Each structure stands twice: as structure tokens, then as C-alpha cells.
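Working notes for the structure below.
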Amino acid sequence: MESVAAALARLQLLATGPEISLLAQRFADAGHEFALVGGPVRDAFLGRVVSDLDFTTDATPDQILAIVAPVADAHWDIGREFGTIGARLGEETVEITTYRSDSYDGATRKPVVEFGSRLEDDLTRRDFTINAMALRLPECVLVDPAGGVEDLLAGVLRTPGAPQVSFGDDPLRMMRAARFTAQLGFRLDDAALAAAVELAPSIDIVSRERVSDELRKLLLAPEAGRGIRVLVDSGIAERVLPEVPALRLEIDEHARHKDVYEHSLTALDRAIVLERERGHPPTLVLRLAVLLHDIGKPETRKIEPDGSVTFHHHDVLGAKLAARRLRELRFDNDTVKAVAELIRLHLRFFGYSEGRWSDSAVRRYVRDAGDLLEWLHILSRADVTTRNQRKSGALAAAYDDLEARIAALAEEEELAAIRPDLDGEQIMAILGLKPGREVGDAYRFLMELRLDEGSLGYDIARSRLLEWWAARG
Ligand code: ATP
Ligand code: MG
């Protein structure tokens, strides 16, 4: 974050566009408070792209509607019982929520919704101090009762009140914490982490859908691995994704194999770099596959008579375990299938460096990967995390070679499929020929033409053929 002053100036700019100014004035004229709040304030401070504009007010939902409806292009109820009204004004989409002061029954994560009358109270019931800031409008005064600016500067996630109470009220906040560490690169404050360790089991009362939605946001974040570490360190992963903490196999006394958990997180970091370098947006299927690619290892681990460690068929078992877990987390069927398939295929490349594959083996690799080929390329490359430079260099070169051969074969096959613009029948009809050597010559002429100039269409091909025929005499 640059200076607080610069961040405030940016916030002010955001909040003083014509549509927002109009809204702010209408709330003021009606004798109500109105403030930009939460995510957009935080993101403007961080210089991140601000997507949705959330506002809060002391007006009740009906009063909000009366103020907004006359000037909105569209408006809708997001949940009137939760006090939220959505509206569109020109280019701006806004959500306006009545101040709340929730209390929780402790058993479900459903708050007993109570509307409040003070902005400060609405802010301190929020999840993290960096999300508990508001900009009062139209005055443009920052309200930060929990010290959010300080925490933004320090890069730390802290709850406004005692974390045990906050996470106890709503255990989803623990997953939100992990997600924000991944999105913002922040760390979770020690007291909050300790509270999460204590309260991790209560994540069970949160619906699978909400859990997987947070997991999805976490995995798509720039520092997904950081978020996964928070889930594992707090014990939440044990409840929602137990296969990942299980990767922390005890390292045997000879340190024969590296820690599979650290390997998986390193692979995830590498995959995120490759994904960007190769021009892709954050891709869930890829990131899930990389995170989970070795989850078959703990169960297939075997010490051989010669003392070596093997994990036979961990690819097949891993695919099965991943499908089961992702289904349980209510990920959609296409995602589940794609992730499982990538895990099943993730070892195929390692045969390549040992002996060059035949063309047909390369074609089979491409066919088996199908639509997932690009993700399989990235997964296979990211899976090489050895610190031995000679080894990793050799494997990267082998994969370059494999990709080059795939490209060459594809090109050959495309070339093999190229036909001239006119076929034998048409050549014979145009030139009045019977089958014979001259038809073959004409066909080869047209094929050269096709390769040199691309497809020309029937009419041009016909006149070029007649020219060629006349010049031949
Ligand atoms: P993003 O929209 O980028 O995911 P956000 O911070 O806007 O991030 P939302 O889920 O849109 O998050 O929530 C809007 C605001 O509501 C948050 O900034 C926070 O102040 C508050 N909030 C959301 N969920 C909770 C929760 N479970 N407990 C307490 N406050 C919450
Ligand atoms: Mg939001």
C-alpha cells in the first residue's frame, strides 16, 4: 500500500462519481446516513480493482427503496429480511444494506438479524478489521473503529473483537481468513490463528456449498498455497480436505523421500507461475489437480525389501480419492471428472524421459489428455520440484521435447489432411480428360498451389488450372 493520503484520494474519486454523488445526496436529503463499506474500501486502499460497490445506511429496506427507486435504472431485493437492496444506476451496480447488529444462536451460522442504528456497531460486527472500514458520504470521512488502516499497512488479518467470539459466531469466517491471506498475501494474526485451531471443528456446521465456494475463491487467488497452509495449520483442512494434511508423511530416519505436502505446495506455486506465463487466467481444474495429485501416496506407500520407498498406483488411487472428496464438497461434475483424469494421467510423462516415445505413444498421450492437454503439460512440469538442477533441467528439456513433437505431429497431420481446391473428377471435367498421368500432374499442380497460396475457391482454382494447362501446350 502506498501512502494513506493517496489511498484516500483514490477512495474519494471512487465515491464521487455522478451516480454515487446523486445517491449520497438523496440519502442526506432524506435525513439518513450513507457510507461506502467493506470490500470496496479495503480494495481501494490496496490499489486493487474495485468490483462491487457496497453501501450501508441507517435507513430501513423500505426507506432505501423509496430513496433509490426513483433514480435507479433497475432495483431488486437481495434479501429484504437481511436488509439488502440492489440497484443499477447507469454503469454502477450497488448494494445497500441497513446497519446490522447481529446476534448468533451458537448452533447454526444463521444470525438473528437485527437492524442497528450506528455505523460503528455495524462495522465492528464484521469479519476482519480491514473489512470493517467505511467512507461516510457525501462528506468522504473515513470511519475505522477497529484499526483497519493499521492492519492494512501491516498486512495482517485481525478480527475486530475477540477472535474466539467472532469465529464461534460464524465459523465460515475462518475459511474467509484463509481465503483473504491467499488473495491479499496477508498473514493471519496469532490470536486469530490460535482461535481457529481451537474452533476448527465447528466448521462442520457450515454447509458444504459455502465451504467449497470459499475453497474455490482461495484456490483461484494469487497465493493459493498460502491459504492452504492456513487451512492446514488451523486444523480446518482436517475437517474439509483431510487428504491434504495427510500428505505430511513422517519423514523416515533416512529422509529417503521428501515431504509430499511441501512438494505439493511447491508444485502449486510453480503451476500458478506457469499458468500465468502461458497466458491463462486462474484455472480451478488445474489448481485442484496440482494440489491433490499425490493424495494417493499415503495409502500406497511401501518400503521395499531393498529399503526404497514406492507408491505404486498412487495415480489411480489419487484420482479416485480426489473424485470422492470433490463430490463430497459439491464441486460440479465436469470439475470432478477433469481433476480426477488429470491426476490419473500425471505420471505418464515420466516414462518419456527414460526412452523416447514412438509417434504413436505421443499421439496416445494427446488423445488421452483430450481437452485437458494444456493442464497436463502444466501439471507435469510443475510436478518437477527437485532442487537438483541437473535433474530438473533434464526433465524440463524432456518436456520441451515432448511438446515440440506434439506440435510437429499436429502440423504433419494437418498437412496430411490438406487437399487441393479441385478433386480428380473436377479436373477431368474441366480439362476433358480421362483418368491417366495428366490428371495426376494436374492434381500435383493444384496441390502446390494450395500449399503456396492457401485455398482459392473453385473459380480461381479452375482458371489457374486452365492457365497451367494452356502453358503446358
Ligand atoms: P469479495 O467480494 O472480494 O469476496 P468482500 O470483502 O466484499 O470481498 P463479501 O463476501 O462481498 O466480501 O462481503 C462484504 C462485506 O461484508 C465484507 O467486506 C465484510 O465486511 C462483511 N462480511 C461478509 N461476510 C461476513 C461474515 N461471514 N462475517 C462478518 N462479516 C462479513
Ligand atoms: Mg464483496
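Filtering the range 278-287 for residues that are open to solvent by 10 Å² or more (accessible area, probe 1.4 Å), within 24 Å of Leu376 (Cβ to Cβ), in a loop (DSSP other than H, G, I, E, B) and basic (Lys, Arg) leaves a non-empty set. Only a single item in (1) of a type in the set (A, V, I, L, M, F, W, C); (2) more than 14 Å from ligand 2 (Cβ to nearest atom); (3) within 31 Å of the chain's Cα centre (by Cα) is not met by Val41, and it is number (2).
All of (1) within 16 Å of ligand 1 (Cβ to nearest atom); (2) surrounded by 16 or more Cβ atoms within 10 Å (Cβ to Cβ); (3) β-branched (Val, Ile, Thr) hold for Ile205 with one exception: (2).
Tally time: how many residues in the range 47-61 are surrounded by fewer than 17 Cβ atoms within 10 Å (Cβ to Cβ) and over 18 Å from Gln25 (Cα atoms)? First the steps, then the outcome.
Residues of the range 47-61 surrounded by fewer than 17 Cβ atoms within 10 Å (Cβ to Cβ): 47-49, 51-52, 60.
Remaining after also requiring over 18 Å from Gln25 (Cα atoms): 47-49, 51-52.
Summing the residues that are surrounded by fewer than 17 Cβ atoms within 10 Å (Cβ to Cβ) and over 18 Å from Gln25 (Cα atoms) in the range 47-61 gives 5.
Figure legend. Inter-residue proximity from the range 296-316: first residues farther than 17 Å from Ile343 by Cα, second residues open to solvent by 30 Å² or more (accessible area, probe 1.4 Å) and assigned to a loop (DSSP other than H, G, I, E, B), beta-carbon distance below 6 Å, spacing 6+ or different chains. Indicated pairs: Val309/Arg256; Thr310/Glu304. Taking first residues from the range 114-127 that are within 12 Å of ligand 1 (Cβ to nearest atom) and partners that are open to solvent by 50 Å² or more (accessible area, probe 1.4 Å), the Cβ contacts under 9 Å between residues at least 6 apart in sequence or on separate chains come to Leu123/Pro145; Thr124/Pro145; Asp127/Arg176.
Tell me which residues, restricted to the range 187-199, are assigned to a helix (DSSP H, G or I), away from ligand 1 (no atom under 15 Å from the Cβ) and under 22 Å from Arg125 (Cβ atoms). Passing the criteria: Ala191, Leu193, Ala194, Glu198. Residues that are in contact (Cβ under 8 Å) with a residue 40 or more places away in the chain and open to solvent by 40 Å² or more (accessible area, probe 1.4 Å) were ranked within the range 178-202; the one that is farthest from Ala44 (Cα to Cα) is Leu193. Pairing residues of the range 47-74 that are within 12 Å of ligand 2 (Cβ to nearest atom) with residues that are open to solvent by 40 Å² or more (accessible area, probe 1.4 Å), at Cβ distances under 6 Å and at least 6 apart in sequence or on separate chains, gives Asp54/Glu95. For the range 427-440, taking the residues that are assigned to a helix (DSSP H, G or I) and free of Cβ contacts under 8 Å to residues at least 24 places away in the same chain, the one that is farthest from Ser353 (Cα to Cα) is identified as Ala429. The residues of the range 136-165 that are buried (at least 18 other Cβ atoms within 10 Å of the Cβ) and either among the polar types (S, T, N, Q) or touching a Pro at 6+ places or on another chain (Cβ under 9 Å) (or both), listed by number, are Ala146, Gly148, Thr159, Pro160. Of all residues in the range 208-224, those satisfying the criterion of being more than 16 Å from ligand 2 (Cβ to nearest atom) and crowded, with 16+ Cβ neighbours inside 10 Å are Val211, Ser212, Leu215, Leu219, Glu223, Ala224. Quick check: anything in the range 137-145 among the acidic types (Asp, Glu), free of Cβ contacts under 8 Å to residues at least 12 places away in the same chain and under 30 Å from Ala30 (Cβ atoms)? For the range 137-145, residues among the acidic types (Asp, Glu), free of Cβ contacts under 8 Å to residues at least 12 places away in the same chain and under 30 Å from Ala30 (Cβ atoms): present. Counting only helices (runs of 4 or more DSSP H) wholly contained in the range 134-186, the ones carrying 3 or more residues that are of a type in the set (Gly, Ala, Ser) occupy 172-184.
Residues that are in a helix (DSSP H, G or I) and polar (S, T, N, Q) were ranked within the range 115-133; the one that is modelled with the lowest pLDDT is Thr124. Filtered by the rule that a residue be within 9 Å of ligand 1 (Cβ to nearest atom) and either aliphatic (A, V, I, L, M) or under 18 Å from Glu139 (Cβ atoms) (or both), the range 31-49 gives Val37, Pro40, Val41. Pairs are defined by a Cβ separation below 9 Å, a sequence spacing of at least 6 or placement on different chains, a first member in the range 18-45 that is basic (Lys, Arg), and a second member that is assigned to a helix (DSSP H, G or I) and away from ligand 1 (no atom under 16 Å from the Cβ); the pairs so defined are Arg26/Ile67; Arg26/Val68; Arg26/Pro70; Arg26/Val71.
The values are calculated or read from the model by the stated rules, or taken from the named source; none is laboratory data. Predicted model only: the values in this text are computed from it and were never measured. We place every Cβ from the backbone using ideal geometry, glycine too, and count neighbours over all the protein chains shown. Heads up: the accessible areas ignore ligands, DNA and RNA and are worked out on the full protein's heavy atoms, side chains in. Shrake-Rupley method; radii C 1.70, N 1.55, O 1.52, S 1.80 Å.
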